[in-house]
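The values are calculated or read from the model by the stated rules, or taken from the named source; none is laboratory data. All of these numbers come straight from a predicted model, not from anything done at the bench. Counting neighbours? That spans all protein chains shown, and the Cβs are built from the backbone with ideal geometry, glycine included. Heavy atoms of the whole protein, side chains included, go into the accessibility calculation; ligands, DNA and RNA do not. Shrake-Rupley method; radii C 1.70, N 1.55, O 1.52, S 1.80 Å.
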Amino acid sequence: MSCAQVMVVMQAYLDGEVDERTAKKVAKHLDSCADCQYESSVYVDIKKSLAQPKIDPDPDVLAALSDFTRNLAASGNS
Amino acid sequence: MVLLMDQQTDTETKFEKLVLPELEIMYRTAWLYTRSKSEAEDLVQETLLKAYKALDRFDGRYPRAWLLTIMRNTNINRARKKKPDLLDDPEKTFERSQEFSDTQTPETIVVDPLFSAEVTEAYETLPENFRNVIDLVDLNSFSYKETAAKLGVPVGTVMSRLHRARKQIREVLKEKQVEDTISQGGDHID
Ligand SMILES: [Zn+2]
C-alpha cells in the first residue's frame, strides 16, 4: 500500500470500518512509515477530543468571569 | 505619576486583550478537568490570578497555550491539596507524586487540553450536518451503518461528511501549528 492509498482509508481504518485484509495492510504500512504513523496519531487525538463530552458554558458564568478578569486587571497589584 | 498611570492602563488593557477571548475555552477546559460547573469556575479564577501575576514574564505569543499551561499546573496543585491525608504516609505520597508526575489528570483528560480546545473550536465552525455525523460516530460510538440509518442517508454520505469534517479540523490544526506548539511544550510556567 502506498502512502496515498493509506490516507484514503486512514479514517475508516481508525473507526474500525475496513475489512480485515485492508486493516492488516494499513497496519503493516504504519509500522514502517513514520509520516503516516504521525498522521494516524493526529487523527486518533482528534477522535479522542471529539469523543469528550462538551459543556455549553452558561452565559452568566462567562459574564462573571469577564468581570473577574476586568476587576483583576484594574486592581493593578501585578 | 502620569507615566505610572499610563503604564498601569497598558497592563490592564494587555491582560484583558489576552484573556477575554480565551475565557470560553478556559472554562470548557476547566470543566473537562473538574467535571463540575462550580469547580470549573474556581479553577478558571485561580488560573487568572496566577496568569496576572506572571504577566510581565509572558512574551505575548499564543496566549491560549500560556493560559492552559497555567491551568494545568494549577489543577495539579489543587488536586494535591485535596488529598492532604496522603501526605502523612511517605509511601502513599510517593504514589501520589508518581500519579501527578503525569502532565494530565487521569481519566477526565485524555488528550492535551490545548489540542483538544483547538479541535473543539474547529468543530464548532463546521456545518450542522457534519457535526451530527461526528456526534454519532465519535461521541456515541455509532458505526457508519448505524449512523446512516439514524440520519436516513447512504453510508457513503456518512463517510464523506465524517472524513471531510475531520480533515477540515486537521487543516485548522495545521494552520495554527498546534502540534508544533505542543511538541515544543510550554511546561516551564508555574
Ligand atoms: Zn506512508
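Per residue, what accessible area does chain A have, given a 1.4 Å probe and all protein chains present, in Å²? Let's see the in-between values first.
On the way: 4300 Å² over 78 residues.
About 55 Å² of surface per residue is accessible.
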> Mean residue ellipticity at 222 nm from the helices of chain A, using -39,500 (n - 2.57) per DSSP H segment of n ≥ 4 over the full residue count, to the nearest 500 deg cm²/dmol?
Replying inline: -25000 deg cm²/dmol
>> Given points 7 Å out from each Cα along the Cα-Cβ axis, report the residue A:48 to residue A:4 separation in nanometres with one decimal.
In response: 3.2 nm
> Taking chain A as a Gaussian network, where each spring joins two C-alpha atoms under 10 Å apart, which residue of A:52, A:37, A:11 fluctuates the most?
Replying inline: A:52
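I'd like the interface area for chains B and A: accessible area of each alone minus the complex, both sides summed, 1.4 Å probe, protein heavy atoms only. What is it in Å² to the nearest 100?
Working: alone 12360 and 6420 Å², together 14810 Å².
In total, this chain pair buries about 4000 Å².
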> Among the lysines, which fall within straight-line cross-link reach of residue B:14, defined as a Cα-Cα distance under 23 Å, with same-chain neighbours fewer than 8 residues apart omitted?
Replying inline: B:50, B:53, B:176
>> For the pair residue B:49/residue B:128, report the inter-label distance in nm, with labels modelled 7 Å from Cα in the Cβ direction.
In response: 4.3 nm
> Quick one: length gained pulling residue B:36 to residue B:168 fully straight, 0.36 nm per residue minus the C-alpha distance?
Replying inline: 44.4 nm
>> At 1.4 Å probe size, with the rest of the protein present, what percent of the exposed accessible area of chain A is carbon and sulfur atoms?
In response: 51 percent
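As an exercise, use a Förster radius of 35 Å and the Cβ-Cβ distance of residue A:75 and residue B:121 to find the FRET efficiency, rounded to the nearest 0.05.
Working: r = 30 Å, r/R0 = 0.85.
So, using R0 = 35 Å, E works out to roughly 0.75.
Nearest 0.05, what FRET efficiency do residue B:9 and residue B:57 give at R0 = 22 Å with Cβ-Cβ as r? Present the calculation step by step, with values, prior to reporting the outcome.
Numbers: r = 20 Å, r/R0 = 0.91.
E between residue B:9 and residue B:57, to the nearest 0.05, is 0.65.
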> In the stretch A:14-37, which residues give up 40 Å² or more of accessible area once the other protein chains are added, compared with their chain alone (1.4 Å probe)?
Replying inline: A:15, A:17
> Considering amide H positions built from the backbone, and no H for Pro or chain starts, which residues 5 or more places from residue A:17, or on another chain, come under 5 Å of its amide H?
Replying inline: none
